[in-house]
1. Where the second residue is part of a strand (DSSP E or B) and open to solvent by 10 Å² or more (accessible area, probe 1.4 Å) and the first is at positive phi and lies in the stretch 160-179, which pairs have Cβ atoms under 8 Å and are six or more apart or on separate chains?
2. When you go through Ile193, Ile203 one by one, which is the residue that is assigned to a strand (DSSP E or B), open to solvent by less than 30 Å² (accessible area, probe 1.4 Å) and at negative phi?
3. When the residues of the stretch 206-219 are filtered to those that are polar (S, T, N, Q) and without any contact (Cβ under 8 Å) to a residue 40 or more places away in the chain, which remaining residue is surrounded by the most Cβ atoms within 10 Å (Cβ to Cβ)?
4. Before we move on, is Asn288 open to solvent by 30 Å² or more (accessible area, probe 1.4 Å) and either touching a residue at least 40 places away in the same chain (Cβ under 8 Å) or more than 19 Å from Gln214 (Cβ to Cβ) (or both)?
5. Only one of these conditions is not met by Asp238: (1) open to solvent by less than 70 Å² (accessible area, probe 1.4 Å); (2) within 30 Å of Gln141 (Cα to Cα). Which number is it?
6. Just one of (1) farther than 26 Å from Gly280 by Cα; (2) surrounded by fewer than 23 Cβ atoms within 10 Å (Cβ to Cβ); (3) at pLDDT 95 or above trips up Val187, so point out which.
7. Only residues that are open to solvent by less than 70 Å² (accessible area, probe 1.4 Å) and more than 18 Å from Asn267 (Cβ to Cβ): list them for the stretch 291-304, please.
Amino acid sequence: MQNKYVISLIVLFLGIILIFVGFLHNGVRPLYFSNKHNLVIGLKNKHVYRKINNQEVSGIKTISIENNSNVSIQPSSDPRIIFYNSKENNSGLSISNHELRVTGNENSGFMLVGLFQNVSNKTEIYLPENVYLNYIHQYNQSGDVFIKDINTKEMSLSGGSVHLQNVNAQGTIKIGSTDGDVHLSNVKANNAILNADDGDISIVNSIFNKGESQIVDSDGDVTLKNATFDSLYCNVSDGDINFYNLLANKKINAQSEDGDISGKIINDKNVKINAKSDDGSTNVYQPNNYTDPKHLKTYSFYTSDGDVNISKR
């Protein structure tokens, strides 16, 4: 009986060694579908893709993404689309009438090789430099989004984490995050509608100069730095509101049900500040330079359970 145990252990040990050696020599590799739905074996540590014709990519004017993939969109001197996909997802990619469409089901699969290896869907879109899009629509439940150096008329995004950098939109930017952070850096648009269910929202060096912008966060903090709005409504259920160099042309209404509100405002000319805390302290300075009573701007800050601290930069 003892010999059987020894033999079993030896076989198990040799099996583990063979699996490890095979793994190091690409013995286990993720499976992807190309844009033509052909099965492709992914090479270890290499991007696997079928490059779509440059002329087709150069003609893209609208982007619609409706699958749970991680998405990145940015300009490049080599326009192309890299489309990763795991076997079970039944995803598709097409270009028709200058519209890029990406469809599919789930986000990722896993393979067990001594450890779990993530095989996530990913769509990388490299557009011509200085491209101008009519709109970007992206809808999923879990994929992350990264967009950089893009000009567009409209933008509507949803999913996991969303990161915009150096983005210019003529209309409204709409973002809904189910489970992730929303970060906007150097973004310009008429206004922004931002909603996060479980994550932080931050806006840095950005301008929204037409209409009311809305920020709603169910479980996370909101941070605004060097941000200018026409009007701003901000509501946080469970988190803090922090700002530095905040400016609104008309009004600010910031509320937190369970968190602190603190920050510094700039250009307080013709501004009246209202602040209230049901269960906390308030330390707020009050400008006295009401130069135009007919166009007085009102900044309102309220928290039901927290402190309010507002000062001048």
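1. The qualifying pairs are Asn166/Lys148; Asn166/Asp149; Asn166/Ser185; Asn166/Asn186.
2. Result of the check over Ile193, Ile203: Ile203.
3. Filtering the stretch 206-219 for residues that are polar (S, T, N, Q) and without any contact (Cβ under 8 Å) to a residue 40 or more places away in the chain, the one surrounded by the most Cβ atoms within 10 Å (Cβ to Cβ) comes out as Ser213.
4. Yes; evaluated as a whole, the condition is true for this residue.
5. So the condition that Asp238 fails would be (1).
6. (2)
7. Thr303, Ser304
Table: residues versus (1) modelled with pLDDT of 80 or more; (2) among the aliphatic types (A, V, I, L, M).
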{"position": "Ser58", "(1), (2)": "yes, no"}
{"position": "Glu66", "(1), (2)": "yes, no"}
{"position": "Asp78", "(1), (2)": "yes, no"}
{"position": "His98", "(1), (2)": "yes, no"}
{"position": "Leu115", "(1), (2)": "no, yes"}
{"position": "Ser120", "(1), (2)": "no, no"}
{"position": "Asn134", "(1), (2)": "yes, no"}
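The values are calculated or read from the model by the stated rules, or taken from the named source; none is laboratory data. Quantities reported herein were computed from a predicted structural model and do not represent experimental measurements. As a convention, Cβ positions derive from the backbone with ideal geometry for all residues, glycine included, and neighbour counts pool all protein chains shown. The accessibility values were calculated without ligands, DNA or RNA, using every heavy atom of the protein model including side chains. Shrake-Rupley method; radii C 1.70, N 1.55, O 1.52, S 1.80 Å.
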